[in-house]
Amino acid sequence: MLIAQAPLRISLFGGGSDLPAFLTHNTGSVLSFAIDRRVFLVGHPFTHREGIQLKYSKTENVSLPSELEHPIAREVLDRYGIRNFDLAVMADVPAGTGLGSSSSFTVAFLALVRHLCNIPTSPIDLAKEACAIEIEILKEPIGYQDQWASALGGINVLTFEGSTVGVESLALSQTRVQELEKSLRLVPVGSPRSASELLKAQSNAIAPGSKAESVTQKMAKLVELGRAAISSDLDSLGPLLDQGWSLKKEVSPSVTSPEIDAVYARALNAGATGGKLLGAGGSGYIALYVPSEKLTEFDSVFQQQLGYHISSTGAGVIHES
């Protein structure tokens with residue numbers, strides 16, 4: 001039996017600048033970090049039957065990988081020639097909540113099958129192949145950041161020039177990491193949703209010379225300010241997040257809703273100094289920065305939150321027997 005995992009991520013600044021439509025004429029930049037909420041794959045060979053059994057939100061029983069409905073599983077299993085295998089998918093957080101679970105699934109799947117095939121694998125190998133599968137082969141309307149964040153773990157500034165990705169890992173003291181975890185709160189809003197249509201609309205809007213392109217350029221420039229805030233002036237993070245959230249709504253008004261706006265306003269009244277909806281928009285988790293002196297008040301208003309810790313560990317196989 002093999003168990004593989006890949007962490008989810010929180011993207012703070014630069015979201016949208018990793019989309020292929022933007023990178024055609026621009027350089028992108030994202031600041032994000034992995035968290036200890038994960039996607040898990042458990043798999044073992046069949047000894048009593050043939051075929052593929054895949055259990056996720058539904059169960060598929062097929063003879064060959066090419067017959068699977070799940071596009072990522074079909075592509076990964078078929079390209080590695082995996083046959084007669086039983087697989088189950090589990091996650092700490094439901095899909096469609098803005099934490100990059102789809103790409104975490106791809107990265108974890110690749111970690112499992114490459115280990116099964118005795119192929120030496122680095123985090124860069126996982127990230128590159130996950131991007132190739134999702135963006136180039138399956139034509140998903142997504143960017144490059146989630147695969148890299150999940151494969152690498154840690155806190156990273158990612159730069160994008162076309163499909164080339166540069167990585168700078170931020171080395172923060174344990175005290176600063178704990179302060180960031182303590183003050184950046186995740187509040188749920190709405191129901192899980194598919195990001196595909198929202199991302200497709202955002203990509204279509206980013207034409208050369210368009211307002212969406214100009215605004216996305218401004219969002220990417222916030223990465224350097226965000227890096228400085230995390231490193232030396234954590235309380236400046238909230239206003240920066242608020243600025244980024246305002247810009248994101250300029251790119252695509254559909255990222256928000258009256259419900260999201262109402263929750264955000266309540267959060268500011270409860271002591272948060274800024275935040276943003278994670279992921280493509282529509283629903284999921286709002287990441288909100290709350291100064292330490294306001295945490296008690298904030299927590300009394302928002303009693304339902306997602307706890308997490310920043311994960312220095314990226315994707316990989318965690319059990320073999």
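Data table
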| quantity | calculated |
| --- | --- |
| Test: residue in the range 293-304 that is open to solvent by 60 Å² or more (accessible area, probe 1.4 Å), part of a loop (DSSP other than H, G, I, E, B) and in contact (Cβ under 8 Å) with a residue 60 or more places away in the chain | yes |
| Restricting the range 181-198 to residues that are touching a strand residue (DSSP E or B) at 6+ places or on another chain (Cβ under 8 Å) and part of a helix (DSSP H, G or I), the residue that is surrounded by the most Cβ atoms within 10 Å (Cβ to Cβ) | Ser183 |
| Listing of helices (runs of 4 or more DSSP H) fully contained in the range 60-154 that carry 2 or more residues being surrounded by fewer than 23 Cβ atoms within 10 Å (Cβ to Cβ) and in contact (Cβ under 8 Å) with a residue 12 or more places away in the chain | 71-79, 101-116, 123-131 |
| Selection from the range 238-250 of residues that are over 17 Å from Gly284 (Cβ atoms) and in contact (Cβ under 8 Å) with a residue 24 or more places away in the chain | Gly238, Pro239, Leu240, Asp242, Gln243, Leu247, Glu250 |
| Residue list for the range 209-239, filter: under 25 Å from Ala265 (Cα atoms), open to solvent by 20 Å² or more (accessible area, probe 1.4 Å) and aliphatic (A, V, I, L, M) | Leu225 |
| Condition broken by Ser246, with the remaining ones in (1) open to solvent by 30 Å² or more (accessible area, probe 1.4 Å); (2) at pLDDT below 95; (3) under 20 Å from Ser32 (Cβ atoms); (4) small (Gly, Ala, Ser) satisfied | (2) |
| Unique residue being acidic (Asp, Glu), without any contact (Cβ under 8 Å) to a residue 24 or more places away in the chain and part of a helix (DSSP H, G or I) when the list is Asp235, Asp261 | Asp261 |
| Members of the range 249-258 found to be in a helix (DSSP H, G or I) and surrounded by 14 or more Cβ atoms within 10 Å (Cβ to Cβ), listed by number | Lys249, Glu250, Val251, Ser254, Val255 |
| Residue within the range 267-283 that is open to solvent by less than 30 Å² (accessible area, probe 1.4 Å), closer than 23 Å to Ser246 by Cα and out of contact with any helix residue (DSSP H, G or I) (no Cβ under 8 Å at 6 or more places or on another chain) present | yes |
| Selected residue (only one of Gly307, Gly314, Gly226, Gly279 is under 19 Å from the mean Cα position of the chain (by Cα), among the small types (Gly, Ala, Ser) and in a helix (DSSP H, G or I)) | Gly226 |
| Residues located in the range 155-175, provided they are in a strand (DSSP E or B), β-branched (Val, Ile, Thr) and modelled with pLDDT of 95 or more | Ile155, Val157, Thr159, Val165, Val167 |
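The values are calculated or read from the model by the stated rules, or taken from the named source; none is laboratory data. Bear in mind that the values here come from a model prediction, so they are computed numbers and not experimental data. Please note: Cβ atoms are built from the backbone with ideal geometry, for glycine as well, and neighbour counts cover all protein chains shown. We work out accessible area using only protein heavy atoms, side chains counted, and drop any ligands, DNA or RNA first. Shrake-Rupley method; radii C 1.70, N 1.55, O 1.52, S 1.80 Å.
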